[in-house]
Amino acid sequence: MNDMISRSGLVDLLKTLMGQGRSSTVYVRTDDNHLIAIGVEGGAIVSLMAGPRQGERALAAVQKMRTGTYKIEPGGALQRRGGLPSSDEVLTRIAEGGADAAGPDCHLIQGTLCKLLVTYLGPIAPLVCQQAVAAAGPISSGEQVRGVIDALAREIEVPAEAERFRAQASRELAHALS
């Protein structure tokens, strides 16, 4: 699982798989280290698991997803589980998020920064990134994004690498900096 995905990106991916009538399972490891598995078969979502939760209870957990890494395993979907609303309703509810789900842009920003930071700090990068984003509070402006980028760059000991991180982060998050 290497490719980053936001909750809205997950909805788009599921729509694509459903539109193609493919049978597969989408696995997502969320940024808070939970595993989600969504089975798609014949153009419909037929199973949904989030950790030990299944069906409706799993849907509530998926609604809280911010970002994560994902992979698709083609072939038969996971065993069908009861208790799921229609596929369209599942997609709508995932897209809307739960009552305490944060906006997707904030979490996409965090996911992007964490992914970039791993190159410079290794496996401790997600923890450092989460702490920096938490210290910044809800990210709602370009100035806050710049502040988080600067805080993370200060964690990189080699000045040239810190500048390279700043440049990469600024390039990838140009939409959030304006």
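Read-outs throughout are calculated quantities, based only on the coordinates presented, and are distinct from any laboratory measurement. Everything quoted here is computed from the prediction, not taken from an experiment. With ideal geometry, Cβ positions are generated from the backbone for all residues, glycine too; neighbour counts draw on all protein chains shown.
Let me check I've understood the local charge: for Gly122, count other residues with C-beta under 14 angstrom from its C-beta, Lys and Arg +1, Asp and Glu -1. What total comes out? Present the calculation step by step, with values, prior to reporting the outcome.
Values: positive: Lys115; negative: Glu155, Glu157, Glu161.
Every neighbour counted, the sum reads -2.
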| note | Here FRET efficiency (C-beta to C-beta, Glu163 to Ser86, R₀ 41 Å, nearest 0.05) is 0.20
| note | Expressed in angstrom and rounded, the centroid-to-centroid distance over alpha carbons for the range 1-35 and the range 128-178 is 26
| Estimated 222 nm signal from helices in the chain, with DSSP H stretches of n ≥ 4 weighted -39500 (n - 2.57), rounded to 500 | -16000 deg cm²/dmol
| note | Summing +1 per Lys or Arg and -1 per Asp or Glu among the other residues with Cβ less than 12 Å from Gln168's Cβ gives +1
| request: Measure off 7 Å from each Cα along the Cα-to-Cβ vector at Asp3 and Arg146, then give the distance between these two points in nanometres to one decimal. | output: 3.4
| said: Between helix 104-121 and the chain, what is the angle of the helix's C-alpha long axis to the longest principal axis, kept within 0 to 90° and rounded to the nearest 10? | reply: 60
| query | What lysines sit close enough to Lys15 to cross-link, taking a C-alpha to C-alpha distance under 25 Å and skipping anything fewer than 8 places away on the same chain? | reply | Lys64, Lys71
